[in-house]
Every structure is written in structure tokens, then in C-alpha cells.
């Protein structure tokens, strides 16, 4: 990550706070950009802002707890006012690739509960066509090589994600993640349908028709895209 990317993430995270109002129930994403938003939100809570949040990962939950942000479980809410998260790629129509942080299943569930989904990114995440970032696909551990072969048949090149010590990465739901290179994804909707129909695939990182607004931080300040 460059200094400009880090600065852009910080700018986007701080701008997203303008959408947070007292009494809101928020969903908090996972990853480096989401961490910046949680940190900024924690400062507002310490200054008296009253909100409750649902976290999408242990990492985010622990950060929120350390900052004194009130938490509720996903099973305790029927709807959220706002979900804030980063993305690995954003195309001009606000289709996203997510899952680099390993929490894509939880993120998609929580995003689906929100009335609005606000994406915060640095300018490097904007792409004309999705696909430069390998698409994360969460799969069951049982028979995962067979699932990988089915993804190859769809045109992908899957690689089992591994942890820092070389061990197979395991999600909080005890699944594996295959990082799949498809090249330029000209038809994200068709690929999403094909992956949804693949036995053994739990969820994928194509977030389509979900984001309402994208805040982009960069060297020239902050700009926004709307769906």
C-alpha cells in the first residue's frame, strides 16, 4: 500500500462519518479501510455519539469493543440503518469485488440487512472492468478440490488461500477460500449465477446491485459515486 492509498482510505473513512446519525444501528465491515472507519467512529462515540453496531468479524468486533462502541449480535436485529465497508474493486456501475479480508460471507449477510450500503475506498480500487483482483470464493472444506475443478470449468484459475504460516486459511464459519483469477469479468451477473449454482460454493465476492454510494479518497481529496 502506498502513502497515497493509505491517505485516501483515511479521507474516505472520515467522510463516511457524515452519514452516521445518533441512534443508528450500523454494520461494520472488515479490512484495512474498515478499520479506519471503526477507529474514527470510536472517537465520535467517546465524544458522546450514541450508536449500536453489528460487526462482520472477530477482528472488527474486538476493535469496536476496545473503543467502547456498543455491539449487538446479527441475530438481534431485523434491519440496519447503514452498512459501511471497503472493497477490493469497484467498477463504474458500483459492482464490487470483496473478500480480501476473508469475511465475505458475513459481510454479504450484514450488507443485505442494511437500508443503505456505503463503500469507502482509495482511488486505486476503481477499475473499468472487474477482475484484476482475484475473486474470493468461499467453499466448504469437504471436497474443496472438486469445487476448484468446477471453477476451472467456469474459466477460473483458483488458488487455495493460505495463512501466514502456509496453512490453509479457514474462515470464521470454518470454510476455505479460493482466490480465483478469471481475467476481465465482462459479465459479473452471469458469473455470479454460475457460482451460486455450483455445489460446494458457500458464497462469492461479487457484490452486485448492493452498494448505494462509494466514497473515494485520493490525492485530490474526496469524491463520490452514486448508483
Report the residues of the range 1-39 in range of a label on residue 47: point 7 Å along Cα→C-beta, backbone N strictly under 11 Å from it.
18
Residues 24, 210 in order from fewest to most other beta-carbon atoms within 10 Å are 24, 210
Just need log10 I(q)/I(0) for the chain at q = 0.09, 0.11, 0.13 Å⁻¹, Debye formula, equal scatterers on the alpha-carbon atoms, no solvent, rounded to two decimals.
-0.35, -0.53, -0.74
Hey, for a label at residue 160 modelled as a point 7 Å past Cα toward Cβ, could you say which residues of the range 114-136 have their backbone N under 15 Å away?
none
Along Cα→Cβ, 7 Å out, is where each label goes; now give me the distance between the ones at residue 186 and residue 58 in nm to one decimal.
4.3 nm
Modelled FRET efficiency - R0 22 Å, residue 202 with residue 4, Cβ distances, 0.05 increments:
0.05
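Pop the C-beta distance of residue 66 and residue 212 into the FRET formula with R0 = 25 Å and round what comes out to the nearest 0.05.
About 0.30, to the nearest 0.05.
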Tilt, helix 144-153 to longest principal axis of the chain (alpha-carbon atoms), in degrees rounded to tens, equals 80 degrees
Computed [θ] at 222 nm, helices only, for the chain once each DSSP H run of length n ≥ 4 contributes -39500 (n - 2.57):
-9000 deg cm²/dmol
Hydrodynamic radius of the range 135-203 per Kirkwood, over alpha carbon pairs, in Å:
12.2 Å
Of all DSSP beta bridges with both partners in the range 135-203, the antiparallel percent, nearest 5, is 100 percent
Descending packing, highest mean Cβ count within 10 Å first, for 125-134, 11-20 is 11-20, 125-134
How much FRET efficiency would the formula 1/(1 + (r/R0)^6) give for residue 225 and residue 132, where r is the Cβ-Cβ distance and R0 is 22 Å, rounded to 0.05?
0.75
Between 0 and 90 degrees, rounded to the nearest ten: what's the tilt of helix 104-113 against the longest Cα principal axis of the chain?
50 degrees
Helix 3-16 versus the longest principal axis of the chain: what angle, 0 to 90°, nearest 10, using Cα atoms?
60 degrees
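Just so you know, all these numbers are worked out from the coordinates, no wet-lab data involved. Given the structure is predicted, the values throughout are model-derived calculations rather than measurements. Cβ atoms come from the backbone with ideal geometry, glycine included; neighbour counts cover every protein chain shown.
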